[in-house]
Amino acid sequence: MLSLTAVSAGYGSFRALFDVSLEVNAGEAVGVIGPNGAGKTTLMRVISGMVPLVSGEMRFDSRLLSGWPAHRIVESGIAHVPENRRLFPRLSIEDNLRIGAFIPSARRRFAEQLSWVYDLFPRLKERRAQLAGTLSGGEQQMCAIARALMSRPKLLLMDEPSAGLAPLVVAQVFDLVRRIRAEGLTVLIVEQNVQQVLDVVDRAYLLEVGSIRTVGTSADLKNDAAIRKAYMGL
């Protein structure tokens with residue numbers, strides 16, 4: 001479904017990614033793990049069209065997306081749940097969700113998609129008129145995920161969904177990932193909480209200093225002694 005081949009990218013003269021190659025197949029949940037500053041958020045921004053490629057190529061459903069603007073990438077079927085949620089705090093939950101359905105194909109099916117999202121997130125339905133900025137951290141994360149789902153994506157990008165959340169809420173967020181997968185969506189998730197993310201993904205890539213160091217099944221990486229020591233404290 002998604003394929004990156006030898007992708008390099010960065011900000012101005014600063015290079016954050018070096019010849020990164022990865023694949024996400026339809027129906028998979030794939031993780032990207034690694035320390036702060038490894039380039040994980042830059043990788044997500046490259047895929048969603050917010051950071052241009054310096055070199056390499058990106059394909060989605062066999063189409064070459066390199067150089068496409070962000071709005072066209074959303075229209076192609078990729079939605080991004082950004083780091084720190086990035087909600088519109090002075091708008092209601094429902095207005096935030098309406099913004100998530102801004103592309104023409106989603107606007108045509110807004111009521112149907114809203115009903116589906118509220119079935120997934122009944123708490124948001126109960127509070128749909130509440131301002132997004134007054135929600136708890138966990139509720140804001142739910143709203144951010146729901147907003148991305150309003151565009152009816154084929155691939156959902158999730159950038160550090162557990163960041164800044166209490167352990168109980170982190171468990172709830174990863175349970176939501178399982179539920180989203182059960183709905184048939186393909187997920188690419190960037191996460192520092194290595195132990196939790198390896199419990200919900202099929203495969204994962206280890207990204208360090210802008211380069212892929214290791215790739216394997218979640219079981220393989222859980223049993224990798226170096227990863228257990230460096231990222232799980234085991």
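Every read-out reported here was derived from the displayed coordinates using simple, explicitly stated rules and does not represent laboratory data. What you see is a predicted model, and the numbers here were worked out from it, not measured in a lab. So basically every Cβ, Gly included, is an ideal-geometry build from the backbone, and we count neighbours across all protein chains shown.
Ranking 207, 169, 84 by how far each Cα lies toward the positive end of the dipole of the chain (charges on Cβ) leaves 84 at the top.
The length gained by stretching the chain between residue 136 and residue 229 to full extension, at 0.36 nm per residue less their Cα-Cα distance, is 30.2 nm.
Over the range 178-234, the hull volume per residue, using the convex hull of the C-alpha atoms, is 84 Å³. Around the Cα centre of the range 103-176, unit charges on the Cβ atoms of Lys, Arg, Asp and Glu (plus for the first two, minus for the last two) sum to a dipole of about 460 debye. Both numbers refer to the Cα atoms of the range 85-126; Rg and Dmax are 10.4, 27 Å. Measuring between alpha carbons in the structure, the pairs from 40/222; 154/222; 40/229 lying more than 24 angstrom apart are 154/222. Of the residues 142, 62, 104, the one whose Cα sits farthest toward the positive end of the charge dipole of the chain, with +1 on the Cβ of Lys and Arg and -1 on the Cβ of Asp and Glu, is 104.
The convex hull defined by the C-alpha atoms of the chain has an orientation-averaged projected area of 12.1 nm².
Remark: the range 73-133 carries a charge dipole of roughly 160 debye about the Cα centre, counting +1 on each Lys and Arg Cβ and -1 on each Asp and Glu Cβ.
Spread over its residues, the convex hull of the C-alpha atoms of the range 1-74 is 87 Å³ per residue. Basic side chains Lys and Arg get +1 at the Cβ, acidic Asp and Glu get -1 at the Cβ, and with that the dipole of the range 1-145 about its Cα centre reaches some 440 debye.
Each semi-axis of the equivalent ellipsoid for the range 29-126 is √(5λ) with λ an eigenvalue of the Cα gyration tensor; in descending order they amount to 27, 18, 12 Å. Rg over Rh for the range 121-234 works out to 1.00, both radii taken from alpha-carbon positions and Rh defined as the Kirkwood radius.
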